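All remarks here apply to the structure that follows.
The numbers here are math on the coordinates, done by the rules we state, and not lab data. From a predicted model like this one, the values you see are computed outputs, not experimental measurements. Because the Cβ atoms are built from the backbone with ideal geometry, glycine has one as well, and the counts that use them run over all protein chains shown.
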Amino acid sequence: MGNEKKVSEEELVEKYQQHFDKNMAMKLLVKLRKATRNKPKVIAGTVGGIVSSLGKLLSALDNPATPTHMKALIIGAIGYILLPLDLIPDITPGIGYADDLASVAGVVAAIGIYSDFSLEKLDAYIDQLEG
């Protein structure tokens, strides 16, 4: 096994927390939803998955019932999505968000009970911004 260093969950969260910006996350969420809201699910693909995941993460972050340790994981996951340099650059058409989606899937599954996110609520928010 050599001198491999195992990175703890806390170290990963700390690494990605520095990229967390709630306002930037909301702007990205709105931008991605606007780009996919009138497209069939099959075309929205991974970007639609990021919209759902990011929306759930932000919703759970705003929920006062979400435990503090879960909020730390959420902030780390959002930071990872916002991280400009990752395995597959997010500007790569179609697949750029695939690694982000795969990386945050576990956190999204764990925080599901704390999230009340829906595309309908997001669309109403976008319509309010535009109206």
Open item on the list: In whole Hz and in residue order, list the ³J(HN,Hα) couplings for the range 29-38 that follow from phi through the Karplus curve 6.51 cos²θ - 1.76 cosθ + 1.60, θ = phi - 60°; x for Gly and Pro.
Closed with: 4, 5, 4, 5, 5, 4, 6, 10, 5, 9
Open item on the list: Give me the net charge for the shell around Tyr114: Cβ to Cβ below 13 angstrom, other residues only, Lys and Arg +1, Asp and Glu -1.
Closed with: 0
Open item on the list: Please list, in order along the range 107-122, the HN-Hα scalar couplings obtained from phi with the Karplus expression 6.51 cos²θ - 1.76 cosθ + 1.60 (θ = phi - 60°), rounded to whole Hz, x for Gly and Pro.
Closed with: 5, 4, 5, 6, 9, x, 6, 9, 10, 10, 5, 8, 4, 4, 5, 5
